[in-house]
1. Within segment 123-137, how many residues are open to solvent by less than 20 Å² (accessible area, probe 1.4 Å) and among the hydrophobic types (A, V, I, L, M, F, W, C)?
2. Output yes when any residue across segment 158-181 is assigned to a helix (DSSP H, G or I) and more than 22 Å from residue 110 (Cα to Cα), and no when none is.
3. From the list 236, 224, which one is at pLDDT 95 or above, more than 19 Å from residue 74 (Cβ to Cβ) and surrounded by 12 or more Cβ atoms within 10 Å (Cβ to Cβ)?
4. Residue check: is residue 152 open to solvent by 40 Å² or more (accessible area, probe 1.4 Å), part of a helix (DSSP H, G or I) and in contact (Cβ under 8 Å) with a residue 60 or more places away in the chain?
5. Taking into account only those residues within segment 138-147 that are open to solvent by less than 20 Å² (accessible area, probe 1.4 Å) and β-branched (Val, Ile, Thr), which is nearest to residue 217 (Cα to Cα)?
6. In this structure, does residue 210 turn out to be among the aromatic types (Phe, Trp, Tyr), under 30 Å from residue 48 (Cα atoms), within 21 Å of the chain's Cα centre (by Cα) and open to solvent by less than 30 Å² (accessible area, probe 1.4 Å)?
7. I need a count of the residues in segment 110-122 that are loosely packed, with under 15 Cβ neighbours inside 10 Å and in contact (Cβ under 8 Å) with a residue 40 or more places away in the chain.
8. Check whether at least one residue in segment 72-80 is within 23 Å of residue 4 (Cβ to Cβ), open to solvent by 40 Å² or more (accessible area, probe 1.4 Å), acidic (Asp, Glu) and modelled with pLDDT under 90, and report yes or no.
Amino acid sequence: MNVFSTLRYFKKRIIGCSLFVLAIHIGMSYGLIKTNPGYNLSIFDLIINPMGTGMLNYKILAFPIVIIFIFWIISILNLDDSKNIILRQESKEMYWKNQIKKIVTIAFLYSVFITTETYVISGFMLGSFSNRWQQSNSIVFRCYGNTELWNKIVPYLKTWIILGIIFLLLFIGLISIGILTGALRSYIDSKYAYLVLIVMIFSEITINGFELSIKRMSLRVDDFVEPQVIIVKVLFLLILAILSFIIGKGYVVKKDFFTKK
């Protein structure tokens, strides 16, 4: 079963989860507008608020965005565990590679959805899709405008650059989490893999200084001061994805698919 057939199989649940994410982001954007009076709010103030309260801050990335993503990855990959599907695979390596293709495809589609819906929601809630971060009465200017850092930040405050970085971090981050999920479920039962990942995510968002994936997926205005920080985030997430791929492949090759876990 290819990934698009699988997505059609889960169509109603996908629509329900999408509406749930939309509802949370609409509620958050409304709250941000009400709690920031007097500012010339820009579309990105609702997505990446300088105070760390935007729709894509790391806590909201953890729940509901990443938790839902992990749920879908496990649900979709579990469909591949039927004997008929396994026996049709050329080899165990091919089975693992096909699962990685599904993870990457789902990560891409989900990243496009999250990037688009947060941008659209922000525009509609503010009544404008304009990016005002470079103006003197914006929140970003009030934070950095009177400092020497302002000239470093300004070149990166263009709409296409911000959206591109948001999408890139989401996409690479979801790929790394998805492959890690696949690697875990190849070693332990899916429900235990889900539990391990929830504990890891909870630990990351509650322990200061602990950054594995969620915090590295989150874009902050401070990151534009030192753009190399964004590069380091992407490289770390890629390394996590590659290591998870290698470990997962090792487990899959040794696994007896017809013996109950």
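1. 1
2. No; the residues of segment 158-181 include none that is assigned to a helix (DSSP H, G or I) and more than 22 Å from residue 110 (Cα to Cα).
3. Just a single option satisfies the conditions, and that option is 236.
4. So residue 152 passes the test.
5. Residue satisfying both the conditions and the ranking: 140.
6. No; evaluated as a whole, the condition is false for this residue.
7. Qualifying residue count, segment 110-122: 1.
8. no
The values are calculated or read from the model by the stated rules, or taken from the named source; none is laboratory data. Because the structure is a prediction, the values reported are computed rather than measured. Note: ideal-geometry Cβ built from the backbone for every residue, glycine included; neighbour counts use all protein chains shown. Accessible surface areas use protein heavy atoms only, side chains included; no ligands, DNA or RNA. Shrake-Rupley method; radii C 1.70, N 1.55, O 1.52, S 1.80 Å.
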